[in-house]
Amino acid sequence: MVHELLDDPAVRDRLAERWGGEVVGEGIVDRGRVGAIVFDSTEELAWLESLLHPLVGEKVAEWRNALSPTTELAVVEVPLLFETAMEDAFDATVTVVADDEARARRAGLRGTDLLESRSDRQLPQDEKADRATHVIVNDGSLDDLERQVAAVVERLTQSSRSSA
């Protein structure tokens, strides 16, 4: 949803107004440049979050309200779920954890820089795991991850059926 919001002309204009045209090249927000700005300044990060978080909340609410009443399971990925105190908006939470080496390697493969700065904004993984309804440990293969996800999905859909 944040990526969609960054494509919104009104949001792009606000970013360019705040940080100059270099963050918006050819009408597209340079997320790497934005990341470099906000992860180097708590003030700029706070400004960006004050712009985006309410819009994300609105989009999530619209999306959820548009779901069919027969929907058994709907998933929203919220990277700062606990940090922004949004967990109460959901029936259950799932946290995916991995050791720091695996996280850094995967971030590099995705071309994500500034992992340390981004991680500094997040709660420690063990705290997220303690607060989550379900925890997936992503230290193995893709098959291992898929099995764990399938097991959590099964538990959640069973729970949904039994409470209906």
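The values are calculated or read from the model by the stated rules, or taken from the named source; none is laboratory data. As the structure is a prediction and not an experimental result, all values here were calculated from the model. Neighbour counts are summed over all protein chains in view; Cβ atoms, including those assigned to glycine, are modelled from backbone coordinates with ideal geometry. Ligands, DNA and RNA are stripped out before the accessible areas are found, and what is left, the full protein with its side chains, is counted by its heavy atoms. Shrake-Rupley method; radii C 1.70, N 1.55, O 1.52, S 1.80 Å.
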* To do: Could you grab the Rg to Rh ratio for the chain? Cα atoms only, Kirkwood for Rh.
  => 0.99
* Asked: What's the longest piece of the chain with no exposed GluC sites (Glu not before Pro), counting a site as exposed if DSSP puts it in a loop and it has at most 16 other beta carbons within 10 Å?
  -> 84-164
* **Relative contact order (%) - the range 7-58, alpha-carbon pairs under 8 angstrom, separation at least six** => 19 percent
* Amide H to amide H, which residues 5 or more places from V96 or on other chains are under 5 Å from it, using H placed in the peptide plane? -> I136
* Might you work out the accessible area of R12 for me, using a 1.4 Å probe with all protein chains in place, and round it to the nearest 10 Å²? => 50 Å²
* Asked: What residue among L81, S141, G20 has its Cα farthest toward the positive end of the dipole of the chain, where the charges are +1 on Lys, Arg and -1 on Asp, Glu, each on the Cβ?
  -> S141
* Asked: If you put +1 on each Lys and Arg Cβ and -1 on each Asp and Glu Cβ, how big is the dipole of the chain around its Cα centre, in Debye rounded to 20?
  -> 340 debye
* Roll a 1.4 angstrom probe over the protein heavy atoms and tell me the percent of accessible area of the chain that is carbon or sulfur. => 50 percent
* Surface accessible to a 1.4 Å probe, per residue, for the residues of the chain, Å² -> 65 Å²
